[in-house]
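The values are calculated or read from the model by the stated rules, or taken from the named source; none is laboratory data. All values reported here derive from a predicted model rather than from experimental measurement. Quick reminder, even Gly has a Cβ in these numbers, built from the backbone with ideal geometry, and neighbours come from all protein chains shown. Note: areas computed on protein heavy atoms with side chains; ligands, DNA, RNA excluded. Shrake-Rupley method; radii C 1.70, N 1.55, O 1.52, S 1.80 Å.
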Amino acid sequence: PSPSPGASPGKEVSHSPLSPPGIKCGGVLSAPSGNFSSPNFPGPYPYETECTWLIVVAEGSSVLLSFSHFELEYHAACAYDYLQVYNGAARDRGNLLGTFCGHSPPPPFSSAWHVMAVIFRSDRHVAKRGFAAAYRKDACGGQLTGLSGEITSPRYPESYPNDAECRWSIGGTGSGGPLTLVFADFQVEGGQGCGFDYVALFDGPTAAAPRLGRYCGSARPPRTVSSTPYLLVLFKSDFNIGGRGFKAHFYSAGECQEVFTTVKGNFSSPRYPNFYPNNLKCQWSIQLPPGYRVKLFFLDMELEGRSSLTGGCDYDYVATFDGSAENGSLLGQWCGRENPSPVTSRSNQLLLVLHTDRNTAKRGFSIAYVGVVPMNVSCTRTDFHIQIPVQSLAQLERNRIYLGTPSCAAQVVGRNFKIHTRFDTCGTESQKRNNTSIIVSTLYIDFSAGDQEDIHQYEVQCEPKRKEASVTLIAGPDPSRLSQAENLLDAQQREGGAMDAHEIKSQNTSDIVFISICILAGLLMVIAVVGLVLL
């Protein structure tokens, strides 16, 4: 990423070439607090003007920006005159907090770090009175509209001040989903009923909404999920005795956090295929029934590239973990325009995390996944043997699992669905591939519900001479979005469960019968030839 805009606090930001001669506006605002307004305010602003204000306060501080007056030319998409607010450097679309015009002033904004940018632009027609704004550093509270972000008590991790009252109103991202708040650290003066210092959470944008909890002391509050697209965090301290305060992380469900339990699905980064926002930490968790594994297919990916210094994914990256938490085994981490191979979990759960930094956003990613049904497939020279644990398809009747045709449905034997069939039945056919003769059939697993058809198909193959079987997913995730079918019988599946002793005995018996028939046929042929000679 480019150096922090705060690295040159004395640098002047000149007005745009669009601005008429003699019109000066914009610049770097580095005082702890201040005011600025559109040119000529409160008179009409000039035509064809562009101004950029860069607010830079001390590292570790935040900026609270508010508007006392706002009147710009209106357009439904703010295509004529407009004001843009950036959570960091301007012109980086991932930092854009909003674009505004008309008569409705922007809400108060609290920055996620010590830099905020404001851009004002007017066209060549219709001028209004413009705007007046004020900012201050180290303010607590404000309107947080990002898909994810972090909030901390004043001066954290130093002791928070006495007589503080801070309100963070989180929401209004447009995603419409609920919000999740997780506390990473918490130390606030305790007391019965939390009557001294406390953090209170409300299920809406104001304190008039239902209260979700009130917390104090040193125990971290539980993970909180709102039922609305808004969440209010209220922090109050009294006149004495403080503490370290708190640090909490929030993210919006739907676009930035989701749990999937269906056996296949698709998801993408926020705003895909448009640029994702900066300052994100999003999580997608896939949780399937016991016995399944999760297979991810990367359909498209473009993130900020690797660091030229370390060669690592130090800025924006996607990471996958085995299980439901980041302390699980790391399955892979990617960035840039890499084209990752499909990833398969070792368990029935997989977590994908997207992390983005303060600048340089890209298109993001699109991903499809499918639950790999745990199965053991083997063959002899004459038969297929298929075994699937009942618990992995517990919601299905046995007739929803069949080989070739519905008449060849699975049987329930103990704790397994089993299909044991000869090659001359159940729609099997002989083919030649790469000069090798193989027997092929299709295994159908019907997950359909109501009017929604959802049938997974696996091609089952056997090479009779070598008695080697394989199974390939040929219809799981939307086939039009996957470039090729994936062979799902890897080493782990082969280890996933051997056939029981009865089954192995059955296979051996089939081989013995086959050999005996061949020997008997040979003897009969010899007897027939001898008989003809004697005649």
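Taking only alpha carbon atoms, region 142-252 gives an Rg to Rh ratio of 0.95, where Rh is the Kirkwood radius. The alpha-carbon of Lys295 sits under 20 angstrom from the alpha-carbons of these aspartates and glutamates, leaving out residues fewer than 8 places away in its chain: Glu258, Asp322, Glu326, Glu338, Asp446, Asp454, Glu459, Asp478, Glu486, Asp490, Glu495. Straight-line cross-link reach from Lys247 at under 20 Å between alpha-carbon atoms covers these lysines, not counting any fewer than eight positions away in the same chain: Lys137, Lys236, Lys281. Here r is the Cβ-Cβ distance between Gln452 and Ser218 and R0 is 45 Å; the resulting FRET efficiency, rounded to 0.05, is 0.35. Note on surface exposure: Trp168, Trp334 rank Trp334, Trp168 by accessible area, highest first, 1.4 Å probe.
Could you compute the net charge surrounding Arg422? Neighbours are other residues with a C-beta less than 11 Å from the C-beta of Arg422; K and R count +1, D and E count -1.
On the way: positive: Arg381; negative: Asp383, Asp424.
Combined, the nearby Lys, Arg, Asp and Glu give -1.
Projecting label points 7 angstrom from Cα along Cα→Cβ for Lys24 and Gln287 puts them 6.1 nm apart. Here is the P(r) of region 257-372: all C-alpha pair distances, binned every 5 Å from 0, give 2, 13, 23, 25, 19, 11, 5, 1, 0 in whole percents. Listed values for region 381-389 are Karplus-derived 3J(HN,Hα) couplings in whole Hz (6.51 cos²θ - 1.76 cosθ + 1.60, θ = phi - 60°), namely 7, 10, 9, 9, 10, 10, 9, 10, x, and x replaces Gly and Pro. Summary of packing: across the peptides 291-297, 204-210, 240-246, the per-residue average of other C-beta atoms within 10 Å ranks them, highest first, as 291-297, 240-246, 204-210. Within the same chain, lysines fewer than 8 places from Lys24 are excluded, and of the rest, those with a Cα less than 21 Å from its Cα are Lys11, Lys128.
Applying a DSSP loop filter and a limit of 15 other Cβ atoms within 10 Å to the GluC sites (Glu not before Pro) in region 384-457 leaves Glu397, Glu453. The 3J(HN,Hα) values that the Karplus relation (6.51, -1.76, 1.60; θ = phi - 60°) gives for region 295-304 are, in residue order, 10, 9, 10, 7, 7, 7, 7, 8, 10, 4 Hz. Gly and Pro appear as x. Rolling a 1.4 Å probe over the protein heavy atoms leaves Arg346 with an accessible area of roughly 140 Å². Between region 306-374 and region 27-61, the C-alpha centres lie 39 angstrom from each other.
For region 121-148, backbone nitrogen atoms closer than 13 Å to the point 7 Å from His103 Cα along Cα-to-C-beta are found at 129.
Along region 434-441 the Karplus relation, 6.51 cos²θ - 1.76 cosθ + 1.60 evaluated at θ = phi - 60°, assigns HN-Hα couplings of 6, 6, 10, 7, 9, 9, 10, 8 Hz to successive residues, with x for each Gly and Pro. The stretch between Asp123 and Ala77, if pulled fully straight at 0.36 nm per residue, gains 15.1 nm over its current Cα-Cα span.
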